[in-house]
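The structure appears right after this line, and notes come after that.
Nothing in this text is a laboratory measurement; each read-out follows from the coordinates by a stated rule. Predicted model only: the values in this text are computed from it and were never measured. Because the Cβ atoms are built from the backbone with ideal geometry, glycine has one as well, and the counts that use them run over all protein chains shown.
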Ligand code: ASP
């Protein structure tokens, strides 16, 4: 609630029932979390990358308009979901990345800040840095094992909130006309290699919204990219007549075959009929 009285879902729901555009509503919902300094998974105070820099990914899709927009690896903007919406509404592109995403945001009137770390996110990063040696780029298997061990230790010791380590925020909405929109916003994986882009800004992988279903994913994004997870769930429902449950189960089974585990999850919203 970020010190207020409503959750992001309550804000989005209220706007939808007031007749506001569904995408405006779900983005207003996630903005609450992006701006919350205590939420270490997204936006301001999101856990930084291996160099201590907060780099954010976000995307959105407007079902009825059949439009999408996304930014990846953007620094210095607390609400990347709003920049993704600008890509959707003001350009004929889908994805703008890195420094140019920041420049685009500046040109669109967003405030750019030097650093989105809070005391809390910086302290957690310094502690992680002390416990690992990411600069050596261990072989992928050893690096993964070392990272998992340190992550668990730091969660157990209270440095990192387990609910916010893999804490991408998704908000999908539908109004009384059956219009569906979705937004996904994230700081990505904590301590990721600088420049790494996850599934969240990849339309079809971490986000999808059409006139039947909206899907957002959270967990280790590389699996969702390899499974093209969000679009695949929609395709199974639209083309094969699968139920939402069956479609999600099938895609999660694909992800398990790729090596994913219980930390990978999806957050679907289905319009049936
Ligand atoms: N899927 C996000 C990513 O890989 C992380 C998350 O869901 O927490 O960037």
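A few comments on the model shown:
- Cα-based shape type of the chain, given that a ≥ b ≥ c are square roots of the gyration tensor eigenvalues and the cut on a/c is 1.5: oblate
- The helix-only estimate of mean residue ellipticity at 222 nm for the chain, built from DSSP H runs of length n ≥ 4 each weighted as -39500 (n - 2.57), is -12500 deg cm²/dmol after division by the residue total.
- Computed FRET value (nearest 0.05) for residue 254 with residue 9, which takes r as the C-beta separation and R₀ as 25 Å: 0.30
- Cα shape, segment 144-197, gyration tensor, a/c 1.5 rule: prolate
- Computed over the chain: relative contact order in percent, which uses C-alpha pairs under 8 Å that are six or more apart: 21 percent
- Computed label-point distance, nm, for sites residue 111 and residue 139 using a 7 Å Cα→Cβ extension: 4.9 nm
- Ranked by how many other Cβ atoms sit within 10 Å of their own Cβ, fewest first, the residues 150, 30 fall in the order 150, 30.
- Residue 35 paired with residue 153, simple spin-label distance in nm, labels 7 Å along Cα-to-beta-carbon: 3.8 nm
- Gyration tensor (alpha-carbon) shape descriptor, segment 9-55, a/c threshold 1.5: prolate
- Normalised by the number of residues in segment 1-122, the mean separation of alpha-carbon contacts (under 8 Å, six or more apart) gives a relative contact order of 22 percent.
- Full-extension gain in nm, residue 131 to residue 92, via 0.36 nm per residue minus C-alpha separation: 9.6 nm
- Exposure proxy ranking for 112, 202, 74, based on other Cβ atoms within 10 angstrom of each Cβ and starting from the fewest, stands as 112, 202, 74.
- By DSSP, the beta bridges lying fully in the chain are antiparallel in about 85 percent of cases.
- When 13, 104 are sorted by how many other C-beta atoms sit within 10 angstrom of their C-beta, beginning with the fewest, the order is 13, 104.
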